[in-house]
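Engineer: I have a structure I would like to understand better, so I am pasting it below and will then ask my questions one at a time.
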Amino acid sequence: MITIKNLSASIEGKKILNGLNLEVKAGEIHAIMGPNGSGKSTLASVLAGREDYEVESGEVLFNGKDLLEMSPEERAREGLFLAFQYPVEIPGVSNANFLKSAVNEIRKHHQMPELDSKDFLKLMKEKMQLVELDKSLTTRAVNEGFSGGEKKRNEIFQMAMLNPILAILDETDSGLDIDALRIVANGVNKLKAENKAFIVITHYQRLLDYIVPDVVHVLNKGRIVKTGTKELALELEEKGYDWLKTESTSV
Amino acid sequence: MSEDQQIIDKVTSEEYKYGFTSDIETETAPPGLNEDIIRFISEKKNEPQFLLEYRLKAYRHWLTLTEPEWPNVNYKKVDFDKIIYYAAPKQKPTLNSLDELDPELKATFDKLGISLDEQKRLAGVAVDAVIDSVSVKTTFRESLKELGIIFCSFSEAVHEHPELIKKYLGSVVPYTDNFYAALNAAVFSDGSFCYIPKGVRCPMELSTYFRINTAGTGQFERTLIVADEGSQVSYLEGCTAPMRDENQLHAAVVEIISMKDANVKYSTVQNWYPGDKNGKGGVYNFVTKRGVCEGSNSKISWTQVETGSAVTWKYPSVILKGDHSIGEFYSVAVTKNHQQADTGTKMVHIGRNTKSTIVSKGISAGFSQNSYRGLVRIGSKATNARNFSQCDSLLLGDQCGAHTFPYLEVNNQSAKVEHEATTSKIGEDQIFYCNQRGLSTEDAVSMIVNGYCKEVFNQLPMEFAVEAQKLLAITLEGSVG
């Protein structure tokens, strides 16, 4: 699905990713953990194509195509989705309208006919149930006045609507209470499929109780320093990240 | 794709598409202004004596005035001796049917998407089409007449209803009001007149479409709307002009009188030629628009979408005389390239329990300057008057400017006046968020800006709202890199 080779990236001259390698296959869920400032969110931003970051070296193959050559919207249309850590508000634009434009842009890209209002509403109703989203949130402006939990749920709802092949969840668990966490995780689990992959970025092990990863990576100083199974996450929870820091510098 | 997006897609490749000129035989006055020119205009229009005298008084007063310097705009001053004050398509003065209309003239309006053919016209809108100095055709006159509604060109009203003209002309905007209002009163050529009798709800939107065609002409139209007790009307105004290198002057006056329990809604989509991207050419839009809420519980609502003109100077205002009367002003003003706009409103509270709402959305791009200027005056007798003002500015790019000049004069302790103002830059974050959902940057900007203007667009009649969105898309194309 996605192969990242020797990826280095910086922002304002400061190097954040430092020769990162990662391969995620279809059907897999990978968790990326790591201390603050290790480059987790930068990785998500670089993959999604945020302009503030400069890619210095490396290559990323997404579904056989050169990801780094694509504009952010092309990446999205090719099936890459980022659930934002801080979802952005767009006043005056209804969630439904926003999503209808997005869904149809993506369909157009795949030479599929655009959805008319009736079919779109049907799809929306179906996906809303998936994340137990209140109906009023679809008619309200995108994320405007949403609570923290509503924003995160809205991200998962958008993911369900856009049906990506690779979804990157950037600390979707942060700021969520346990009920919201369960709803978000359920949403992800229901979307899991053989032809889809997930990269779940999180600071805490907690989310991984609900979304069970196939592989857990630990990121430190812009590269993956340890890779393991779900048990690695538990170990991190217990020991913290300090032991890895010393381990990685001694490598 | 949503409907908005389709519209946006369709038009984003276009520049100012109304910039063509029509080859219509016209009759023009020699350039320059003096009493003879005024007599010439008045004679051409076969006007009664009282009107000629009104014009001459206005002209003599105008000579004593100087152009206002206080607006936040810079432009090459108008040479009033070079302007042609009267230009009219050569044709029969009154038309009995569409067949008698100059085909080129009809084609012009067809090209603008304004059908003068009642059969083909979308139901629900009556049009008065004004080209250069004269009204060429008013549709649906007969069917409106059955309800007692008078909707015709100003010139016709002068002949058919002189008593109404005499009574109301200049009653809201006297010729002494300001420089351009005085000039307009002296030389105004045509415009629309509308009278809604007591208790009548006008069943269709009334609309005037203004077009400057002849080079070197100024357009000085005059609109007068009288809504008698308990009546209701929604009025639309649209405008375009050919692309020309020189600046053209448009100095109109609109007067509205809203009697007891009457409700007037006036919507404008202003799309005069804004000049080229280097700021050459374009229309100077110096307009005085004012309404008076004469009776109790009367209402006047102005909605404007301003995207055109090189320089705009315009403050649609409401004088709230009647107790419990309501004044509203909703505005979207977009400037790009070297456009300059100084626009806003005046809400003058005189009666008790009067209420006004101001929502102004400015969008500046390129090297443009966009100013909101608004006055809220609460008179000493305006007990319990209320005003809410919200002025938002959105900047696209870092070479443009947004300015807000609110003036408040409160002379009654019981008044409640609120003013909110924000200035924001279109967020990179917002654009990236849209990109990440598969939307192009251009679509993202259109969507964000349309969302920003939604409060105002919601006030527009359906057909106009779509046009406004289209305009916004064309106007902002290429504004964000």
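A short reminder: the numbers here are calculations on the coordinates, not readings from a lab. Only a predicted model underlies this, so the values are computations on that prediction, with no experimental measurement involved. Every residue, glycine as well, gets a Cβ built from its backbone with ideal geometry; the counts of neighbours run over all protein chains shown.
Engineer: How far, in nm, would the chain grow between A:ASN36 and A:MET112 when pulled straight, counting 0.36 nm per residue and subtracting the alpha carbon separation?
Structural biologist: Working: separation 76, 0.36 × 76 = 27.36 nm, distance 4.17 nm.
My answer for the length gained is 23.2 nm.
Engineer: May I ask you to compute the full-extension gain from A:ASN189 to A:GLU51, defined as 0.36 nm times their residue separation minus their alpha-carbon distance, rounded to one decimal in nm?
Structural biologist: 46.6 nm
Engineer: Sort out for me the Cα centre separation of region A:1-44 from region A:180-202, rounded to whole Å.
Structural biologist: Comparing the Cα centres of region A:1-44 and region A:180-202, I get a distance of 19 Å.
Engineer: Express in nm, to one decimal, how much length is gained between B:ASN411 and B:LYS277 on full extension, taking 0.36 nm for each residue of separation and deducting their alpha carbon distance.
Structural biologist: 43.7 nm
Engineer: Over chain A, what is the relative contact order in percent, taking alpha-carbon pairs closer than 8 angstrom and at least six residues apart?
Structural biologist: On the way: 453 pairs, mean separation 71.2, N = 251.
For chain A, the relative contact order is 28 percent.
Engineer: Within a 10 angstrom radius of the beta carbon, how do B:LYS77, B:LYS361, B:LYS346, A:LYS230 rank from fewest other beta carbons to most? Before the final figure, lay out each step's value.
Structural biologist: Values: B:LYS77 8, B:LYS361 24, B:LYS346 20, A:LYS230 16.
Least to most surrounded, the residues fall as B:LYS77, A:LYS230, B:LYS346, B:LYS361.
Engineer: What number results when the radius of gyration of region A:1-123, computed over Cα atoms, is divided by 2.2 N^0.38 Å? Walk me through the numbers on the way to the answer.
Structural biologist: Values: Rg = 16.6 Å, N = 123, 2.2 N^0.38 = 13.7 Å.
So the Cα radius of gyration is 1.21 times the expected 2.2 N^0.38 Å.
Engineer: Provide the three semi-axes, in whole Å and in decreasing order, of the ellipsoid equivalent to region B:364-415 as defined by the square roots of 5 times the Cα gyration tensor eigenvalues.
Structural biologist: Gyration-tensor ellipsoid for region B:364-415: 33, 9, 5 Å.
Engineer: Hey, got the Cα dimensions of the protein assembly as shown along the principal axes, in Å, largest first?
Structural biologist: Its Cα atoms span 101, 57, 47 Å along the three principal axes.
Engineer: Which pairs break 30 Å Cα to Cα here: B:LYS198/B:LYS355; A:LYS100/B:LYS355; A:LYS100/A:LYS226; A:LYS135/A:LYS192; A:LYS151/B:LYS265?
Structural biologist: Working: B:LYS198/B:LYS355 23 Å; A:LYS100/B:LYS355 39 Å; A:LYS100/A:LYS226 41 Å; A:LYS135/A:LYS192 24 Å; A:LYS151/B:LYS265 38 Å.
Pairs exceeding the cut-off: A:LYS100/B:LYS355; A:LYS100/A:LYS226; A:LYS151/B:LYS265.
Engineer: Compute the distance in nm between two label points, each set 7 Å from the Cα along the Cα-to-Cβ direction, one at A:THR229 and one at B:GLU142.
Structural biologist: In this crude spin-label approximation the distance works out to 8.9 nm.
Engineer: Which order results if A:ARG206, B:ARG386, A:ARG153, B:ARG222 are arranged by neighbouring Cβ count within 10 Å, fewest first?
Structural biologist: On the way: A:ARG206 15, B:ARG386 18, A:ARG153 25, B:ARG222 22.
Ranked by crowding around the Cβ, least crowded first: A:ARG206, B:ARG386, B:ARG222, A:ARG153.
Engineer: For B:ASN458, project a label point 7 Å along Cα to C-beta. Then give me every residue of region B:373-400 with its amide nitrogen under 18 Å of that point.
Structural biologist: Those under the cut-off are B:388-393.
Engineer: Just rank A:GLU74, B:GLU420, A:GLU105, fewest to most, by other beta-carbon atoms within 10 angstrom. Don't jump to the answer; show the numbers that get you there.
Structural biologist: Values: A:GLU74 17, B:GLU420 10, A:GLU105 22.
Placing the least packed residue first, the sequence is B:GLU420, A:GLU74, A:GLU105.
Engineer: Applying 1/(1 + (r/R0)^6) with R0 = 60 Å to the Cβ-Cβ distance of B:ASN72 and A:SER147, what FRET efficiency is obtained, to the nearest 0.05?
Structural biologist: Values: r = 41 Å, r/R0 = 0.69.
Here the calculated transfer efficiency is 0.90.
Engineer: Report, in cubic angstrom per residue, the convex hull volume of the C-alpha atoms of region A:2-250. The partial results should precede the final answer.
Structural biologist: Working: hull volume 30.7 nm³, N = 249.
Convex hull of Cα atoms, per residue: 123 Å³.
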